Each structure stands twice: as structure tokens, then as C-alpha cells.
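Visitor: The structure that follows is given in the form of C-alpha cells.
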Amino acid sequence: MKKWTHEDVIDSIRNSGKVKPNTLVTTSSRFEQDLGIDSLDLVGILLDIQDDFGFEWTDREISEINCVQDIIDILNKRSQTNAA
């Protein structure tokens, strides 16, 4: 899996075309409530992140994602698993 940073994840979301310009995206941003991203758009963003970082999401992981931090937590968990 490609090395990534929190900023990379936030930039991927910000650059997805699904977030209105000048919208603040932070680790605590909730996709639907704060960013106006519905579930279909979220899947598109997740596929872009998947391509950028070279891994595949599981259905369980996707179902657990509600905010930006959830993506970061999953990537952290995967990084730790791959390092072991």
C-alpha cells in the first residue's frame, strides 16, 4: 500500500468534485451532514482513494465510514497490519 498522510486523504476528498468549493474539510467532517456527500458520491470518493493508495475496501469497512477520521482509522489499521 502506498504511503499516505492525513492531508492526502483530505485532499482526495476535497479534490473529488463532490465537495463545494471553500468547504472546510477536517478529520471530524461527516460526509452527509457536514460535506453534503450522499452514499453514492461517498463510494466514488472511496474508489478514488482506493486507486490512489493501492488497496481494496471491504464491504464492512465501507459500511462503517461516516466521517473523514473513519477513513484515516481504516488506513492506519491497514498500515499496521501490513507492517506486521
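The values are calculated or read from the model by the stated rules, or taken from the named source; none is laboratory data. If you're wondering where the values come from, they're calculated on a predicted model, not measured in any experiment. Positions of Cβ are generated from backbone atoms using ideal geometry, with glycine treated the same way; all protein chains shown enter the neighbour counts. We work out accessible area using only protein heavy atoms, side chains counted, and drop any ligands, DNA or RNA first. Shrake-Rupley method; radii C 1.70, N 1.55, O 1.52, S 1.80 Å.
Visitor: Can Thr81 be described as of a type in the set (Val, Ile, Thr) and open to solvent by less than 70 Å² (accessible area, probe 1.4 Å)?
Guide: Answer is no for this residue.
Visitor: Got a number for residues in region 1-37 being exposed (fewer than 11 other Cβ atoms within 10 Å of the Cβ), within 14 Å of the chain's Cα centre (by Cα) and either assigned to a helix (DSSP H, G or I) or modelled with pLDDT of 95 or more (or both)?
Guide: Result for region 1-37: 2.
Visitor: Which of the numbered conditions does Gln69 fail, given that it passes all the others? Conditions: (1) at pLDDT below 95; (2) part of a helix (DSSP H, G or I).
Guide: Just one mismatch for Gln69, condition (1).
Visitor: Follow-up question, since we're still on this one. Answer yes or no as to whether Ile45 is out of contact with any Leu (no Cβ under 6 Å at 6 or more places or on another chain) and assigned to a helix (DSSP H, G or I). Before the answer, list the steps.
Guide: Numbers: out of contact with any Leu (no Cβ under 6 Å at 6 or more places or on another chain): yes; assigned to a helix (DSSP H, G or I): yes.
Yes: the conditions hold for Ile45.
Visitor: Could you list all residues from region 61-84 that are free of Cβ contacts under 8 Å to residues at least 12 places away in the same chain and among the charged types (D, E, K, R)?
Guide: If the condition is that a residue be free of Cβ contacts under 8 Å to residues at least 12 places away in the same chain and among the charged types (D, E, K, R), then Glu64, Asp70, Asp73, Lys77 are the ones that fit.
Visitor: Under 6 Å by Cβ, and 6 or more places apart or on different chains, what pairs join a residue from region 38-60 that is in contact (Cβ under 8 Å) with a residue 24 or more places away in the chain with one that is part of a loop (DSSP other than H, G, I, E, B) and aromatic (Phe, Trp, Tyr)?
Guide: Leu46/Trp57; Phe53/Trp4
Visitor: Name the residues in region 37-75 that are small (Gly, Ala, Ser) and in contact with a Ser or Thr (Cβ under 8 Å, 6 or more places away or on another chain), would you? Give the derivation first.
Guide: First, pick out the residues of region 37-75 that are small (Gly, Ala, Ser): 39, 44, 54, 63.
The one that is small (Gly, Ala, Ser) and in contact with a Ser or Thr (Cβ under 8 Å, 6 or more places away or on another chain): Gly44.
Visitor: Could you grab me the full set of residues in region 51-62 that are open to solvent by less than 90 Å² (accessible area, probe 1.4 Å) and in a helix (DSSP H, G or I)?
Guide: Asp52, Phe53, Glu61, Ile62
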